[in-house]
Amino acid sequence: MSLRELGCSVVVGVIGQPNVGKTTLFNVLTGSMERVGNFPGTTVEMKVGRRAFGGGVVCFVDLPGIYGLKAVSVDERIARDFILYGDWDVLLVLVDSTLPVETSYLLLQILQLTRRVVVALTKYDEAERLGVEVDADLLRRSLGVPFVRVSALKGAGLSELLAELVRVGGSSGGEPLRIGFGAAESAIERLARVVGGSRARGLAYLILSGDVELGERVGVSRGAAESLKKEILMVSGRDSEELLASTLYNFAREVVQPAVRLLRGAGGERSILLEVFSRPIAGALLSILVLFTAVFTAFTVNTGFPFTALLRVLGFVEAAEVVERYTVSGLVEALFDWVGDSVAEFLGGGFVAEFIAGGVIEGVAIVAQFAPLVFVALAVVSAIEDSGLGPLMAVSLHGLFRRFGLSGRAVYPVLISLGCNVPGVVASRAAVDGVERLSIVASASFIPCQARLIVLLALVGAIIPGDPVLQSLAVLLVYAGGFILYLVTALLFRRFAAGVRGASELVLELPRPHWPSLRVVFWSSWSAARHFIVRAGTILVAFVVIVWILSHTGFSGYTGDPSSSFAFYIGSSIGFVLKPLFDLSCESSWVVGFAVLIGFIAKENIISTIAVVRGVGDVLGGLGLNPVQGASLLIFFMYYIPCAATATTIWMEVRSVKFTLALIGYTAVVSLTLSLIFYRTALLLGV
C-alpha cells in the first residue's frame with residue numbers, strides 16, 4: 001500500500017506503549033475509517049486512516065503498541081523499520097498523562113533517532129481527576145519537541161495536535177536527542193562512528209541493547225557488538241542491556257518528573273486491585289475468575305453456552321432448547337432458516353432451489369452466526385485491556401505459562417476458545433510478540449469448544465450409560481487433555497518451528513484499573529469482526545457451498561441420499577484409512593469417515609449426520625461401534641481441527657496456506673495417534 005497514492009500531504013506514524021490510548025486517539029482522528037493491509041513481509045495488520053485538515057490530507061499509520069524498539073518481537077521490528085526506513089513526515093508518540101515518566105521510555109528511544117516528533121499527552125482529563133498535572137511547556141523546552149495535552153474521548157486538544165503535526169511534518173526537526181550513558185558512553189561513541197549518520201547514537205543504543213539484526217543491517221557484525229558489550233560489562237560490572245535501560249529510565253525521571261505535579265495529595269493511595277493481583281495465588285485465581293465470568297456471560301448471550309449444557313446434564317433438555325432459540329445465535333439461525341425456506345418455496349424446489357437455500361444461504365448463515373461471537377468475545381478482551389486489568393492478569397498468570405514459552409496473555413485464547421475456537425484464534429492478537437502469536441494460533445484449536453462439547457456429551461453418554469460420576473470425569477479428562485495439548489504444542493512450535501528458546505518477554509507498565517470506554521471497546525471489536533466477515537467469511541461461504549455440492553450430487557447427478565453422493569466416496573476414503581486402525585467393519589467405516597468430513601464443516605453436525613444417514617438415534621449404534629472403539633474415536637473427534645471456520649480464521653491470521661495446511665495435518669496426526677494409543681492400550685488390558 002503506497003501512502004502517497006492515497007493523496008496524503010502529511011504522513012504520520014502513530015506509536016505508543018499499550019494502554020496509553022492509541023486506539024482511541026487513532027479512531028477519533030480518522031473517524032475509524034481506515035484502509036487495512038499488512039506491513040511488508042509480515043502478517044501483522046496495518047491500518048491507515050485519513051483526516052482532512054488545513055487544505056490537505058493527513059494520513060495516520062497505526063503502528064503496533066510496543067514498549068521499546070530493540071526488535072525482539074515482530075511488532076518491535078515493524079515499528080523500528082518504519083521509523084528508520086518508512087515513508088513518513090512526522091511521528092506522533094503517545095505518553096500517558098497518568099503515568100508520564102513510565103510511558104516516556106519509548107519516546108526517549110525514538111528521540112535518539114529523530115526529532116520530527118509530536119508528543120500527545122493522552123488521558124489528561126483522567127490525570128486531572130487523579131490530581132496529576134503535566135507541564136507540557138516545560139517538557140517542550142526540555143526535550144525540544146512539542147507536547148500537546150489531548151483527551152480523545154472528549155475531543156479536546158485535537159485541533160492543536162493536528163496543527164503541530166502539519167508544522168513539524170514540514171520541518172527538518174533538528175538533530176536527534178543526545179543522552180549520556182556513563183560507563184557505556186565510550187562504546188556508544190565508537191559504535192556510532194562505525195555506523196555514521198545523524199542517527200548513529202540512537203542506532204548504537206539499539207544494537208547494544210540486543211538488536212543483533214539491526215547491527216548486521218548497518219554493517220556491525222555480531223562479534224563486534226558482543227565485544228563492545230563485554231567491554232561495558234568489564235567497565236561497569238553490569239550487562240549492557242540492563243545498564244542502557246536503567247540509564248534511559250533515570251534520564252526519564254530526571255527530565256520528565258520535574259514537569260509532573262501532584263495535586264490534592266494524589267498518588268498516595270494504592271489500588272486494592274493492584275494489591276490483590278500482585279499476590280501470586282490470589283492474583284492468578286482472580287484473573288481466571290474475571291476472565292471466565294466475562295467469557296461465560298459473552299457466550300451465554302450469544303449461544304446460551306455453557307448454561308444450556310448444564311441444563312442438558314440436569315435433564316432439562318426442553319429448557320435448554322428454549323434458551324438456545326432466543327440467544328443471538330439462535331435468532332440469527334431462525335432468521336436464515338426462514339429466508340432459506342422462503343427462497344426454496346419461491347423457486348419451487350429442485351436442485352437450484354436446494355442449492356441456493358441449503359448451500360449459499362446456509363454458508364452466509366454460518367458466517368452470520370460467527371460474527372456476533374467474534375465481536376462479543378473480542379469486546380470482552382478489549383474491555384479487559386482498556387480497563388487496565390489485562391496487564392495485571394497477564395502478570396499474575398505469567399509464572400504458569402512461561403514454563404511453556406508463553407506469557408500470561410496466552411490465557412485469553414484459552415478461555416475464549418472454550419466457547420468457540422474462531423474468536424480464540426483471533427484473540428492471539430493479544431500476544432506480546434509475533435512468535436507467541438503464532439504459537440497460540442497453532443495451539444488454540446486443541447481447546448474443546450462448545451460444538452465439540454455437544455459431541456462429547458452425546459458420545460460419553462452412550463459409552464458410559466447411567467454413571468454420571470464417570471461421565472463427568474471423562475468430560476473433565478478431555479478438557480484437561482486439550483489444555484495440555486495447547487501448552488505442549490505452543491512449546492514445541494516455539495522451540496522447533498520458530499527456533500526460539502525461553503519464554504516470551506513480558507514487559508508491562510501496570511496502569512491504574514478503571515472503567516473501560518464503551519467507544520474504545522466498540523471500535524476495537526467491530527474492526528476485528530468486520531475484517532473477519534469480509535476476509536474469512538467469503539472463503540467460508542465458498543467452502544460450505546462446495547461441501548453442499550459434494551453431499552448432494554453424485555455420478556448420477558443430484559441426490560438426496562448421502563450414500564450415493566460424492567461425499568460418500570470421500571468419507572469411504574477416510575474410513576478406509578481408519579478401518580484397520582480401529583478394526584471397523586465395512587459398513588461402519590464409511591459412516592465414521594463421513595462423520596469426520598462433516599465434523600470438519602461443523603463439529604455439532606456429527607450427531608445429527610449419523611442419525612440422518614443411519615436412521616437411528618443411538619450414536620454408537622449408528623456408527624456401528626463398541627464402547628472401546630467409540631471412546632477411541634471420541635478422542636479423535638475432540639482434537640482434530642475443530643471446523644472449517646477455525647481453519648479459515650487461522651489462514652486469515654497468518655496469511656499462509658502452507659502453515660494452515662500443516663496445522664490441519666498436525667492436529668489430525670496428533671489426535672489420531674492419541675486415539676490409536678488409547679485403543680491399542682485398552683485391547684492389551686482386555687477392556
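For every residue, the table says whether it meets (1) touching a residue at least 40 places away in the same chain (Cβ under 8 Å); (2) part of a strand (DSSP E or B); (3) farther than 25 Å from residue 254 by Cβ; (4) basic (Lys, Arg).
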residue	(1), (2), (3), (4)
69	yes, no, no, no
77	yes, no, yes, yes
141	no, no, no, yes
161	yes, no, yes, no
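Yes or no: residue 419 crowded, with 24+ Cβ neighbours inside 10 Å and more than 13 Å from the chain's Cα centre (by Cα)? Working first, answer last.
Details: crowded, with 24+ Cβ neighbours inside 10 Å: yes; more than 13 Å from the chain's Cα centre (by Cα): yes.
So residue 419 fits the description; yes.
Got a sec? Which of 611, 631, 647 is part of a helix (DSSP H, G or I), at pLDDT below 80 and of a type in the set (A, V, I, L, M, F, W, C)? Talk me through it step by step, then tell me what you get.
Details: 631 fails: at pLDDT below 80; 647 fails: at pLDDT below 80.
On inspection, the qualifying residue turns out to be 611.
Take the residues of the stretch 542-580 that are among the aliphatic types (A, V, I, L, M) and not assigned by TED's automatic domain parsing to the domain that holds residue 644: which is surrounded by the most Cβ atoms within 10 Å (Cβ to Cβ)?
Within the stretch 542-580, the first condition is being among the aliphatic types (A, V, I, L, M), and the residues that meet it are 542, 544-547, 549-550, 567, 570, 574, 577-578.
After this cut, where a residue has to be not assigned by TED's automatic domain parsing to the domain that holds residue 644 as well, the list is 542, 544-547, 549-550.
Working: 542: 13, 544: 24, 545: 19, 546: 13, 547: 22, 549: 15, 550: 17.
The extreme case among them is 544.
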Selection status of residue 634, over 21 Å from residue 454 (Cβ atoms) and in contact (Cβ under 8 Å) with a residue 60 or more places away in the chain
no
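Condition first: exposed (fewer than 14 other Cβ atoms within 10 Å of the Cβ) and within 12 Å of residue 639 (Cα to Cα). Now tell me which residues in the stretch 481-501 satisfy that. Steps first, please.
The initial filter retains those residues of the stretch 481-501 that are exposed (fewer than 14 other Cβ atoms within 10 Å of the Cβ), namely 484, 496, 499, 501.
Residue satisfying the conditions is 484 alone.
Residue check: is residue 261 over 28 Å from residue 81 (Cα atoms) and modelled with pLDDT under 90? Explain how you work it out, then say what you get.
Working: over 28 Å from residue 81 (Cα atoms): yes; modelled with pLDDT under 90: yes.
Yes.
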State whether the residues of the stretch 305-312 include one that is modelled with pLDDT of 80 or more, surrounded by 14 or more Cβ atoms within 10 Å (Cβ to Cβ) and closer than 26 Å to residue 423 by Cβ.
no
So, in the stretch 79-112, of the ones that are surrounded by 24 or more Cβ atoms within 10 Å (Cβ to Cβ), among the β-branched types (Val, Ile, Thr) and part of a helix (DSSP H, G or I), which residue ends up modelled with the lowest pLDDT?
103
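Please go through the stretch 264-285 and give me each residue that is outside any helix (DSSP H, G or I) and at pLDDT 70 or above, ordered by number. Give the derivation first.
In the first step, residues of the stretch 264-285 are kept if they are outside any helix (DSSP H, G or I); the result is 264-271, 278-279.
Of everything in the stretch 264-285, just one residue is outside any helix (DSSP H, G or I) and at pLDDT 70 or above, namely 279.
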Can you pull out the helices (runs of 4 or more DSSP H) entirely within the stretch 418-496 that have at least 3 residues that are acidic (Asp, Glu)?
none
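The values are calculated or read from the model by the stated rules, or taken from the named source; none is laboratory data. Please read these numbers as outputs of a predicted model, since none were measured by experiment. Note: ideal-geometry Cβ built from the backbone for every residue, glycine included; neighbour counts use all protein chains shown.
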